[in-house]
Amino acid sequence: MAVVSEVVRERLRAWGVVRVYGYPGQGADPLLEAFRRAGREPEFVQARHGEAASFMACGHARFTDTVGCCLAPSGPGAVQVLNGLYDAQLDRQPVVALLGDTPRTGPGARRPQAVHLDRLCADVSESCEVVISPDQAGPVLDRAFRTASARRGVAVVILPADVLDQQTPPSAATAPDVLALGGSRTLLMPEEGELRRAAGILDEGRKVAMVIGRGAARAGAEVERVAELLGSGVAKALLALDVLPDDLGYVTGPAGRVASPASERLVRACDTLLLVGAGPREAWLPPGRWAVRSVEINPEAGVTAPCRPGDVRLVGDPKATLEALLPLLHHKKNHAWRRSVEKSVRTWHRNRRTEARQHFGHLINPAAVATELSDRLPDRALLTADAGSSTVWWARHLRLRAGMRAALSGHHAAMGTAVPYALAARFAHPDRPVIAFVGDGAFQMSGMAEMITVKDHLERLSGGPPLVFCVFNNRDLNQATWDRRAETGNPRLSGSSSVPDVPYAAYARLLGLEGVHCYRPKDIGAAWDAALAARRPVVVEFVVDAETEPPRPAGLAEEGARRRIRALLRGRRT
């Protein structure tokens with residue numbers, strides 16, 4: 001007979017879990033001891049905070065396309081992981097969270113650190129189960145992994161401390177062949193009639209635009225083939241920046257809130273819109289463009305909006321749906337629209353470089369930081385970004401090539417994700433370069449603490465491809481500042497927006513990491529060269545101008561622009 005903690009360990013190994021991110025404490029320690037006795041299989045990676053551990057599990061799912069796993073102790077420790085679990089749930093990333101809990105037996109008085117975890121996790125999880133007897137441990141774990149994988153969401157398993165140490169009965173043993181590991185997913189497919197209606201709309205369109213989102217992650221080749229047939233341009237949602245490389249002449253870059261000028265023009269000038277795994281049309285069309293005909297392809301029925309007359313909503317797997325749609329499309333012979341899209345892309349890239357070279361008051365333009373890196377990006381790089389103004393420069397000014405991967409917190413837009421994502425990416429892919437873009441606010445929030453995690457694994461993380469943490473030091477919560485200016489016309493508020501000036505590169509060197517400090521525009525390229533050549537993890541700190549240009553779409557609404565100008569005229573740096 002085995003104790004429950006050993007059963008949990010073996011179930012994790014059976015499901016292919018090689019790494020669990022978490023923090024020790026009551027309810028977690030019996031599992032950690034079981035991991036230790038088994039030769040650290042799976043490996044336990046201790047983060048500095050439960051939130052970072054759950055972000056790491058989400059980052060693991062993003063960069064491996066497998067289920068991520070995190071572990072937290074009871075009470076406050078379990079509460080801490082919620083942010084990362086919401087990040088995974090909203091972006092449809094499979095994560096299993098193992099949460100320790102106070103003992104379920106003993107005196108009736110409420111115990112310290114007792115939290116109703118099943119209620120707490122009800123909103124964030126696809127399933128949440130409590131192991132209340134030893135014979136339940138295996139089946140509950142199996143259901144959690146199947147649910148997380150099939151529904152691409154969060155599954156929570158609550159493990160009371162007293163149950164983990166109990167012996168399992170012989171009848172609880174499950175033969176290995178009972179575990180339906182992996183399994184095949186049933187692909188949804190639209191009806192033939194709906195496919196033909198969609199093909200008719202796309203064939204009739206003279207100026208077709210495509211917007212691809214997270215749902216198109218496995219359909220890059222099919223998107224290319226459809227774009228060639230339709231002569232369309234392709235804009236990418238933030239969660240789909242790595243689906244198509246940016247060296248394709250018709251790829252217009254990011255869409256949505258951080259849209260490039262080429263993507264804005266594409267959506268504004270089109271007469272037909274094809275959305276692939278990108279949600280409803282209302283999220284992408286600007287006001288006044290509701291007459292544009294559209295075809296939406298999404299794998300979930302709940303994602304699509306109510307169908308307007310003349311439009312088609314296809315519920316199905318994007319890859320399989322595009323494959324079925326391709327034979328029904330006709331190759332467009334008029335290439336004028338495609339040529340105008342490609343011209344717009346060339347103009348954007350030319351202007352992008354020109355704008356990045358503009359520096360004011362001898363301060364670094366943050367766009368130049370991303371532009372200089374773009375020319376130096378190592379092959380097969382894994383890129384992460386945090387929420388904030390640094391995301392804008394990351395999305396607009398980095399040109400991704402085939403084989404690169406990119407990740408950020410999309411729908412949750414959580415601060416503090418870039419560093420945990422980067423660590424998970426490096427643990428999962430030790431042979432690939434990893435580069436994180438982090439604002440100083442997010443770095444102070446949690447990134448600096450996780451540099452201690454980097455130090456804890458310094459020998460393992462050194463000597464291979466670059467592991468770079470790029471910090472934008474502008475002493476400001478910059479995205480919030482510009483949002484306030486655009487939305488309310490208020491100037492920068494020092495009490496709420498200012499961030500203390502911290503020597504980030506020096507802090508890295510204090511921990512035994514590499515640190516590169518850059519404050520002059522002429523030194524940006526040399527700073528990147530030094531960072532990418534470092535043999536240890538490196539923090540490269542760029543002291544950038546917080547006022548160079550707003551991290552907003554080029555086509556900012558007129559009223560928002562007026563408010564921003566009023567704010568700049570009224571405001572004063574304090």
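FYI, it's all coordinate maths here, none of it is from the lab. Nothing here was measured: the structure is a model prediction, and the numbers come from that model. Here the Cβ positions follow ideal geometry from the backbone for every residue, glycine too, while neighbour counts run over all protein chains shown.
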Handout entry: Table column - 3J(HN,Hα) (Hz), the stretch 373-387, Karplus curve with 6.51, -1.76, 1.60, x for Gly and Pro
Key = 5, 3, 6, 10, 4, x, 4, 6, 5, 9, 10, 10, 9, 9, 6
Handout entry: Lys, Arg +1 and Asp, Glu -1 on Cβ, resulting dipole of the chain about Cα centre, debye, nearest 20
Key = 1940
Practice task
Kindly provide the pair-distance distribution of the stretch 120-161 built from C-alpha pairs, with 10 Å bins from 0 and whole-percent values in order of increasing distance.
Solution key: 32, 53, 15
Handout entry: Proximal charge balance of R338 [Cβ under 12 Å; K/R count +1, D/E count -1]
Key = +4
Completion exercise
Quick shape summary for the stretch 24-103, equivalent ellipsoid via Cα gyration tensor, semi-axes whole Å in descending order, reads 20, 16, 9
Handout entry: Alpha-carbon Rg/Rh ratio, for the stretch 306-366, with Rh computed the Kirkwood way
Key = 1.26
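Using a 10 Å cut-off on Cβ atoms, rank the peptides 530-541, 346-357 from the highest mean neighbour count down.
On the way: 530-541: 20.2, 346-357: 14.9.
Highest to lowest by the protection proxy: 530-541, 346-357.
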Practice task
Quickly work out the H116-to-I452 label distance, labels modelled 7 Å from Cα along the C-beta direction, and quote it in nm with one decimal.
Solution key: 3.4
Problem - Ranked packing of 122-134, 232-244, 51-63, most packed first, by mean Cβ within 10 Å - result: 51-63, 232-244, 122-134
Completion exercise
Over the Cα atoms of the stretch 203-249 the radius of gyration and the largest Cα-Cα distance (Dmax), both in Å, equal 10.4, 29
Handout entry: Computed Rg/Rh of the stretch 265-396, alpha carbon atoms with Kirkwood Rh
Key = 1.04
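For n ≥ 4 DSSP H runs only, could you compute -39500 (n - 2.57) per run for the chain, divide by its residues and tell me the 222 nm figure to the nearest 500? Walk me through the intermediate numbers first.
Details: 23 runs with 221 residues, N = 574.
Rounded to the nearest 500, the figure is -11000 deg cm²/dmol.
Count the net charge of all other residues whose Cβ sits under 12 Å from the Cβ of M189, scoring Lys and Arg as +1 and Asp and Glu as -1. Display every interim value, and only then the final one.
Working: positive: K319; negative: E191, E192, E194, D317, E323.
Taking every other residue near M189 into account, the sum is -4.
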Practice task
Rounded to the nearest 10 degrees, what's the angle between the helix 220-230 long axis and the longest principal axis of the chain, both from Cα atoms, 0 to 90?
Solution key: 20
Practice task
Using only the alpha carbons, work out the radius of gyration and Dmax of the stretch 359-488 in angstrom.
Solution key: 14.8, 49
Problem - Placed amide H near G316: partners under 5 Å, 5+ positions off or other chain - result: N298, E300
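Evaluate E = 1/(1 + (r/R0)^6) for R350 and R206, where r is the Cβ-Cβ distance and R0 equals 35 Å; express this FRET efficiency to the nearest 0.05. If you can, show how the numbers build up before the last one.
Numbers: r = 27 Å, r/R0 = 0.76.
Approximately 0.85, to the nearest 0.05.
What translational diffusion coefficient, in µm²/s and rounded to a whole number, does the Stokes-Einstein relation yield for the stretch 90-168 at 4 °C and a viscosity of 1.567 mPa s, taking the hydrodynamic radius as the Kirkwood radius over Cα pairs? Display every interim value, and only then the final one.
Numbers: Rh = 13.2 Å.
Reported coefficient: 98 µm²/s.
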Problem - the chain: angle of helix 336-356 to the longest principal axis, Cα-based, in degrees nearest 10 - result: 80
Fill in the blank from the handout: For the stretch 134-140, in residue order, the Karplus 3J(HN,Hα) values (coefficients 6.51, -1.76, 1.60; θ = phi - 60°; whole Hz; Gly and Pro = x) are x, 6, 8, 4, x, x, 5
Problem - Antiparallel DSSP beta bridges within the chain, as percent of all bridges there, nearest 5 - result: 5
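Given that compact globular proteins tend to follow 2.2 N^0.38 Å, what is the ratio of the alpha-carbon Rg of the stretch 1-142 to that value?
Values: Rg = 14.2 Å, N = 142, 2.2 N^0.38 = 14.5 Å.
My calculation over the Cα atoms of the stretch 1-142 gives 0.98.
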Exercise for the section: List every residue whose amide H lies under 5 Å from the amide H of F44, counting only residues 5 or more places away in sequence or on a different chain, with H placed 1.01 Å from N in the peptide plane. Expected result: V20
Fill in the blank from the handout: The summed charge of the T168 Cβ neighbourhood (under 15 Å; Lys/Arg +1, Asp/Glu -1) stands at -4
Handout entry: Where Rh is the Kirkwood radius over Cα pairs, Rg/Rh for the stretch 412-485
Key = 1.03
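Computed over the Cα atoms, what is the radius of gyration of the stretch 389-433 divided by 2.2 N^0.38 Å, N being its residue count?
Details: Rg = 11.6 Å, N = 45, 2.2 N^0.38 = 9.3 Å.
In units of the globular-protein estimate, the stretch 389-433 measures up at 1.24.
Averaging sequence separations of C-alpha pairs under 8 Å and six or more residues apart, then dividing by the length of the chain, give the relative contact order as a whole percent. The partial results should precede the final answer.
On the way: 1248 pairs, mean separation 69.2, N = 574.
Value for the chain: 12 percent.
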